[in-house]
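A short worksheet on the structure shown next.
The values are calculated or read from the model by the stated rules, or taken from the named source; none is laboratory data. This one's a predicted model, so the numbers in the text were calculated from it and none came from an experiment. Here Cβ is always computed from backbone atoms with ideal geometry, including for glycine, and neighbour counts include all displayed protein chains. These area figures cover heavy atoms from the full protein model, side chains too; ligands, DNA and RNA do not enter into them. Shrake-Rupley method; radii C 1.70, N 1.55, O 1.52, S 1.80 Å.
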Amino acid sequence: SFMGGDYIALGAATGMGKTTLALNLARQICMQDKTVLYFSLEMPIDQLQNKFVCIQEKLNANKYRSFGFNLVEMGKYLDGLQGLKQWNLYTVCDFNLTPEKMRAYIEKQKKKKLDFVILDYLGLMSGYANKSNYERITLFSRKIKLMAGEFNVPILVLVQLNRDLKQRQDKRPMLSDIRESGAIEQDSDFVLFAHREGYYDREKPQNDFDLIIAKNRHGEANKILKFDFDLQTQTISEKWEYAITHERY
């Protein structure tokens, strides 16, 4: 579990489901009557809303987009839409989000109630256009770490991984795979990776979803938590008999 002040980095290769995991996590936190501030830098508000409703009601979001819902599914969707209004979820879809604007949003929400912040994702933040990408990410990372401490709230930040990891035989991510990894690896309290072997090997179970704890400043790292990933409804749930392994990877 995360505590106030924690800076958590979540990385994954393309197609692994890191945004899906962030959405599921936000839902789970809201279901505990806690307040989440969700920054989406690439998904508009209506698309984000649809994702949350379909996850909550276990509906196929692709069918919604293609107008493929039957009457029962549409009824569930409308119920979910009403239910979403009861969540303590506040979304910001600002495609020109700077660290200063992010801080202002957090400060405003903190005055009411705030338990968790999610940023999807770090590489899309704006600001410091005159600096190199490495310098920009370093500054973003440091400022977010300071925000987590200042407002005593956990901040989960989605990060990109280097594309060349797909060329390796073992495609499980490592800390060195984080794009512009120096600052993020140093600043973060936790580094998590989402990974699905089935994405690369169709003979393996497609619903297996690994959450790798690569760094844990407060405890043991190098653990793999096993989850089920429903590809149709985009829901991620704990396996009934999941194993936590302690092998180094």
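Can you tell me the accessible area per residue over the range 15-157, all protein chains present, probe 1.4 angstrom, in square angstrom? Heavy-atom SASA per residue in the range 15-157 reads 49 Å². Taking 7 Å steps out from each Cα toward its Cβ at Q167 and R217 produces label points 3.3 nm apart. Label sites at S66 and E107, each approximated as a point 7 angstrom past Cα along Cα to Cβ, lie 4.8 nm apart. Fully extending the segment from L81 to T233, taken as 0.36 nm per residue of separation minus the present Cα-Cα distance, adds 53.1 nm.
Under unit Cβ charges (Lys, Arg +1; Asp, Glu -1), what dipole magnitude, rounded to 20 debye, does the range 53-109 have relative to its Cα centre? Magnitude of the dipole: close to 60 debye.
For the range 1-89, with all protein chains in place and a probe radius of 1.4 Å, 52% of the accessible heavy-atom surface sits on carbon or sulfur. A crude spin-label estimate for the pair Y128 and R179, with each label 7 Å from Cα along the Cβ direction, gives 1.6 nm.
Computed extension gain for R142 through Q206, at 0.36 nm per residue and net of the alpha carbon distance, reaches 19.4 nm. Divided by 2.2 N^0.38 Å, where N counts the residues, the Cα radius of gyration of the range 1-50 comes to 1.24.
Applied to the range 91-105, the Karplus parametrisation 6.51 cos²θ - 1.76 cosθ + 1.60 on θ = phi - 60° returns per-residue 3J(HN,Hα) values of 10, 10, 10, 10, 7, 10, 6, 9, x, 5, 5, 4, 4, 5, 4 Hz, with x for Gly and Pro. Heavy atoms only, probe 1.4 Å: what % of the accessible area of the range 192-236 goes to carbon and sulfur, would you let me know? Exposed carbon and sulfur together represent 46 percent of the surface.
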